[in-house]
C-alpha cells in the first residue's frame, strides 16, 4: 500500500486488515487513538535499538502472523469499478469490518472519493444517453468540466482531445466517461508519484506549506500516525507559531502517534524553531523531520518572506534542506489554486502536492489544470478525517472519481 | 494570470464607438468574454449562465453613449448587474441579536475559518456594540479546536469569555450548557462555533441540525472560503437545506482570489453576505460591500481596500507629522525610509499592485525591470547606512559619502544614486500632494507610473473611470498622509 516509510508499511497494512480492529465508536465523536498503533509500536521498538540507523527498506518485516508481500490486486482497476457498484450506499462511515476486508488503497481512495456523488457524472449521464457528438454536445461537456473546476482553458483542451476521433459519431455516456477519464488520466499520470520518506538523506527535512485552513497540520498528523509503526525516528515541528492553538493541535497528533513534537510559544520565530529542530535531528540521528508552517495567503509578501527565511535558515545546517516542500491544497479551492502553486513554488521551491478534503462535494478538478501546467508530483490525497484517510495519489482513481463510475 | 475584463473587451469593441445602439452581435461577442472571465473568477457555471442572460437582455439595444467606449459601457452593465445580484449597495449586514442571549451559530466546511471568524465576530460585537459575548466551541473532532477558541476569547479581551471546556461532552450537550451559561451569566450574545463538516456527511449534518434545533439560533451563518471554486453552489445549497441559515461570511478576502464564490453562494441561497474576513488578525472582519466585491470579480482592482489598508497601516501621528512636513515641502530620507517600511507592511509591492486596477500590466513592467520587494529592502538598507544628518539633509551627500554609504549597505554607488534620484522625484510628488489634496494624490499615483519603466499603461488607471464611474471613488483624506508613493525602477 502506501510507502509512507519503507517496505514495512506493506506488512503493517496487511496486519491492519487481519486485526479484528475494534469497531470505531461511531457516536463518540472524539477522534480516538489509532488502534493499530498501540499494537504495533511495542514489537517494532524492540527491534529498532539493535541498529541505530535502521534502513526500513532493508529491514525484513518482523515475523508477525500474516506478513505476506503486498497484494497486487490493490492496483487492479476492475476492482475499483466493482467497488463502486458494491458500496453505493452513501454511508458516511463504512462498516469497519467490511472496510478491513478490502484494504487496497485504490479502493479506499475510490470509495472515499465516491462518497461525494460526482456532479460531473450526473451531468454526463443526462447529456449523453446516446447522441451525436456535435458542437452543441461538446459545448455542454466543456461546461461540465468547467463546473468541476478544471478551468476554461483545460476544459477546452480536454474536450478538443475528446472530439478528435469521435466528432459527429454516435456515442453513449459510458463511452464518453471512459474517454474523458482517459484524457484526464493522461494529464495526471506523469504526476503520480508516491513519496518514500525512507529514502534519501538523513535527517530528511520535510516542510509543509499552504494557505490558511488547507489542512497542513492534519496532514502532518496523519502521516505521523503511520510513521512510528513503521520504525521511523521522526520529529514533528510546530512551525505555525501564529494561529491560536496550532501548536496544541500538532501536539495532540504527536502524542497520539508517539512522536516528539518540538514547539515554542505562540509568536516565537518559526525560522529559529526550525533551525533548532534540524540541529536536534542531526545530533540525535533522526530519520525524518516534519515541519508544520503557519498558513499564509500567497499574495502576502511579508509572510512569504518569512517562509523564505525558514528555508534559508534550514540550509545553513544542511545545504540540501528542505528535501521536500509539500504544498497542501484544499479540494474546494477554485482557480486560485494555480496562483497558490506558482507563488509557493517561487518562494519555497515546492517539490510536491497534497490535496485534502476530497471526501466532500468538491472534486478538486483544478488539480488537472495544475498537472497540465506544472511538473510537480502529487503525493497524497485526503479523503477523510482519520489517519488512514490520507491516501497515495492515483491518476486513474482521481480521474474516475471526477468523471464518475463508468 | 487573469486579464482585466476591460482589456479583453477592448478588442471586440474597437471601432464601435458612436455607432448607435449596441447590436445583439456585439453584445454576444462581449458576453462570451464575460462568461470566461466570470468562470475564471470561480463564479459557478449555472450562476454565470443566469447572469449572462440578464446582461444580454439589458445590453441589447442600449444606446451607445458617445464619449464612453462600448466595451466600458457593457462593463458598467455587468458591474451594475453584479452589484445587484450580490444584494445591492445597501445590503443588510446587521445581525439580529436583540433578545439576549441571542445565539449565533457558525457552520461550514473544514478549514473555512469558522473558529477565527467566531473570535472576530465576538471582538466586533463586544467592541463596537458593547455586547457581552460568550464563545462556545462544539468542535470535539479537530484537536485543540476548543483551545483555539478559548485563546481567541482571551485575545478579544473585555466583554468576551469562552465557555469552560469539559472534555468528553457531546456537541449537543455543550450547546445546552452554553445556553444555560449565557442565561446565567447575563450574556447578550452566544456564539456557537461548530466542527467543520462536509455537506454529504449525513451523521455530521444531522448533528448540526440537532444543534440548531436545540439552540434555536437567531443567526446561523455559513462560513465559506472566498477562494472556493465551483463547489460553492453545492456546499451552500446543501447547508441551506439542512440548517436555518440566515447569512454568509466569506473568509480570506485578503487573498488574491477573485471571489466568484460570493456571487455563486448568494445566487443559490438568496442569503445576504454579511461579513468578509480580511486578515489573520482578530479585527480583520468587515461588513460586506457589494460594489467592492463586484469590482474585484471583474478584475478591476480594489481601490477601496488599498486606501483602507494604507489608512490602517498608517500611524496616525506619523501621518499628521508627515502631512505637516509635506505642506512645507519637506520630505527627507527618513521619511522615505518610513514610506518603504509602510509599503512592506502593506504586503509589499505585490500586495499593493494587486489592488490597483490594470495592475497586471504594471506588474509585468515591474517584473521586467527587476523591481521587487528586495529592492525595497535594499533601499532601506542604503538609508540605514547614512548618518542621521545625511538623512535629514540629503544635499550633504557628495561622492565620497556616497561611496561610504554604498560600502556600508553592500550595494554599488549607482544604487545609492538611483535612490537619491528617486527621493528627489518623490519629494516633488509629496510637495504636490501637500498642496493639492486628493487631486494631488491622484497625480502622485499617476506619477508613480512615470517612475516605473515602461510606465503605467494608459489603460491602467483609466479603468477607474472606465466603468462609467461606478467604481467606488477614493474616500477623502484617507489616512492623512495618504498613499505612500512607489519608488522608481532600478533602471529608468
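Key figures for this structure:
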{"quantity": "R0 of 35 Å, Cβ-Cβ distance residue B:334-residue B:407: FRET efficiency to nearest 0.05", "calculated": "0.95"}
{"quantity": "Label point distance in nm, residue B:169-residue B:325, each placed 7 Å from Cα along Cα→Cβ", "calculated": "5.5 nm"}
{"quantity": "In Å, descending, principal axis extents of the Cα set of the range B:90-210", "calculated": "38, 37, 25"}
{"quantity": "Gyration tensor over alpha-carbon atoms, the range A:305-384, equivalent ellipsoid semi-axes in Å", "calculated": "26, 13, 11"}
{"quantity": "The range B:208-306: C-alpha pair distances exceeding 17 Å, %", "calculated": "50 percent"}
{"quantity": "Relative packing of A:166-173, A:220-227, A:178-185, A:389-396, which averages over residues the other C-beta atoms within 10 Å, highest first", "calculated": "A:220-227, A:389-396, A:178-185, A:166-173"}
{"quantity": "Order by protection proxy (mean Cβ within 10 Å, highest first), peptides A:332-344, A:142-154, B:147-159", "calculated": "A:332-344, A:142-154, B:147-159"}
{"quantity": "Shielding score for B:416-429, defined as the mean number of other chain Cβ atoms within 10 Å", "calculated": "0"}
{"quantity": "Distance in nm between pseudo-label sites at residue B:24 and residue B:99 (7 Å out along the Cβ direction from Cα)", "calculated": "5.4 nm"}
{"quantity": "Likely footprinting exposure, A:347, B:387, fewest C-beta neighbours within 10 Å first", "calculated": "B:387, A:347"}
{"quantity": "Within 10 Å of each Cβ in A:145-153, the average number of Cβ atoms from other chains", "calculated": "5"}
{"quantity": "Average other protein chain Cβ within 10 Å of Cβ, residues B:141-149", "calculated": "6"}
{"quantity": "Likely footprinting exposure, A:379, A:374, fewest C-beta neighbours within 10 Å first", "calculated": "A:374, A:379"}
{"quantity": "Highest average packing first - B:25-31, B:234-240, Cβ atoms within 10 Å", "calculated": "B:234-240, B:25-31"}
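No lab work stands behind these numbers, since they all come straight from the coordinates. Everything numeric here is computed off the predicted structure, so don't read it as measured data. Counting neighbours? That spans all protein chains shown, and the Cβs are built from the backbone with ideal geometry, glycine included.
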